[in-house]
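Working notes, structure below.
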Amino acid sequence: MSEKLKTPSCSTCGAREKSVFCSLDSNQLDEIDGSKGCDFFKKGETVFNQGSFSRGLYCVSKGKVKMSTTGPSGKEQIIRFATAGDVMGYNSMLSKKPLSSTAVTLEDSAICFIPADQFFSMIKAEPKFSLKMLELTAKNWNDASRLITDMAQKTTRERLAEMLLWLKETFGLDENDCIDVQLSREEIANMVGTATEAVIRLLSEFKKDSLIEFEGKKIRLLDIHGLVMLADLID
């Protein structure tokens, strides 16, 4: 069960500069502060469910969130992650259709919620904010298109190498130079589109080839160039 937090100020939020709210002035930020709320979610808690309708915009103030869809067979497919400064739920509001994914926290997280009427008010009043939302939507479409292409044209080994590089780009590195997120082998296999056993075998091969090494449950990338070449990311 999520816990209510004292609502943090948008103007002092450390994640704002890399979010879609970076162009808003102090008065507009104060308007958001007056209408939003903020909840604390423990690791593994659900922020929202696939099939429900979004009543507003979710913004990650702190933490990491996994977004996934469940197909007719009941199999989960991870579609993207959200970290500090990222927003969720806007596609449902803009399309007036149910949420296409379920959001679950990967670690303890603080998530703000901006009501739909406030969101649409900003869309109408602030062109720079509207442009940021358009850019974000386009980026997500491009990422989805690339994923579909990779699934169809790349080998499992290539997809795993690219996925490790993408995780590094998304989450950064921790103090031990490991990718700063803990994912199960099953979750990694889900993202790559293969069986868990195949991912376990390939990760062992990557380690043997000195591309990666393990630090507990985390992964350290030893040879970025080697992974880039393996993922066939060089034009």
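Residue by residue, here is whether (1) over 17 Å from I123 (Cα atoms); (2) out of contact with any Asp or Glu (no Cβ under 8 Å at 6 or more places or on another chain); (3) among the charged types (D, E, K, R) holds:
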site: T7; (1), (2), (3): yes, no, no
site: F40; (1), (2), (3): yes, no, no
site: M67; (1), (2), (3): yes, yes, no
site: N91; (1), (2), (3): no, yes, no
site: P98; (1), (2), (3): yes, yes, no
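Counting only residues that are in a loop (DSSP other than H, G, I, E, B) and either hydroxyl-bearing (S, T, Y) or in contact (Cβ under 8 Å) with a residue 60 or more places away in the chain (or both), segment 43-60 holds 6 of them. Among the residues of segment 205-223, the one identified as of a type in the set (A, V, I, L, M), assigned to a loop (DSSP other than H, G, I, E, B) and either out of contact with any Ser or Thr (no Cβ under 8 Å at 6 or more places or on another chain) or within 21 Å of K154 (Cα to Cα) (or both) is L211.
Exactly one residue among L233, L202 is assigned to a helix (DSSP H, G or I), touching a residue at least 24 places away in the same chain (Cβ under 8 Å) and over 25 Å from S100 (Cβ atoms), and that residue is L202.
With the structure loaded, tell me whether T83 is of a type in the set (S, T, N, Q) and farther than 28 Å from T12 by Cα or whether it fails that test. Taking the combined requirement at face value, the residue does not satisfy it. Scanning segment 8-60 for residues being open to solvent by less than 70 Å² (accessible area, probe 1.4 Å) and closer than 18 Å to T83 by Cβ gives a total of 22.
The values are calculated or read from the model by the stated rules, or taken from the named source; none is laboratory data. Everything numeric here is computed off the predicted structure, so don't read it as measured data. Reconstructed Cβ throughout: ideal geometry from the backbone, glycine too, with neighbour counts over all protein chains shown. For accessibility, only protein heavy atoms count, side chains too; no ligands or nucleic acids. Shrake-Rupley method; radii C 1.70, N 1.55, O 1.52, S 1.80 Å.
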